[in-house]
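Here's the structure we're looking at; comments come further down.
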């Protein structure tokens, strides 16, 4: 039976240290490659070219399969303005989802359901603003106006769906602030 020397133990510890370090470097490289692939997929699906915006979207867990749900982020923000989502707001948002091609069973629809169940953090709305600012810079004035009118109009519909008499007419001050923020996102 051979005797393990102190030198052998030292070498084994050194080998273990470098093996662990290499595994960490490989894991970091894999994460970086996965992030880059997700950004590339998002770039293709959304037409977005701004790398910093794509980085934010990937960080939020959005993918090429869920990017359509991002277009509904302003509606989600308006609906959660008072701390809860009313049934009328949920119905209006789900109708909007259907109009965007988000059908039950798709990844985007599932993500939207998560946002309807639990209010997403402020970073979602901030990422949407960055996305819209970058997108608006790529559109001509008429395209930008049409997109703004569509999104703001739908957000106002969601805001008014839960207030007033029979769901018409009352938009809270919190919702008004969010609506103003949505409009401001389109400013050049």
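The values are calculated or read from the model by the stated rules, or taken from the named source; none is laboratory data. Predicted, not measured: the structure shown is a model, and the values here were computed from it. Note: ideal-geometry Cβ built from the backbone for every residue, glycine included; neighbour counts use all protein chains shown.
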Among 111, 102, which is the only one that is surrounded by 19 or more Cβ atoms within 10 Å (Cβ to Cβ) and touching a residue at least 40 places away in the same chain (Cβ under 8 Å)? 111
Answer yes or no as to whether residue 153 is more than 22 Å from residue 48 (Cα to Cα), more than 15 Å from the chain's Cα centre (by Cα) and either modelled with pLDDT under 90 or in a loop (DSSP other than H, G, I, E, B) (or both). no
Cβ-Cβ under 6 Å pairs, at least 6 apart or on other chains, the stretch 156-169 side within 16 Å of residue 75 (Cβ to Cβ), far side modelled with pLDDT under 65: 161/167
In the list 71, 52, which residue meets the criterion of being in contact (Cβ under 8 Å) with a residue 24 or more places away in the chain and surrounded by fewer than 19 Cβ atoms within 10 Å (Cβ to Cβ)? 52
Any chance residue 108 is at pLDDT 90 or above and either over 22 Å from residue 183 (Cα atoms) or within 16 Å of the chain's Cα centre (by Cα) (or both): yes
Residue check, residue 160 assigned to a helix (DSSP H, G or I) and in contact with a strand residue (DSSP E or B) (Cβ under 9 Å, 6 or more places away or on another chain): yes
Can you find even one residue in the stretch 74-95 that is under 23 Å from residue 43 (Cβ atoms), surrounded by 15 or more Cβ atoms within 10 Å (Cβ to Cβ), in contact with a helix residue (DSSP H, G or I) (Cβ under 7 Å, 6 or more places away or on another chain) and in contact (Cβ under 8 Å) with a residue 60 or more places away in the chain? yes
If we ask which residues in the stretch 114-147 are assigned to a helix (DSSP H, G or I) and either surrounded by 17 or more Cβ atoms within 10 Å (Cβ to Cβ) or in contact with a helix residue (DSSP H, G or I) (Cβ under 8 Å, 6 or more places away or on another chain) (or both), their number turns out to be 18
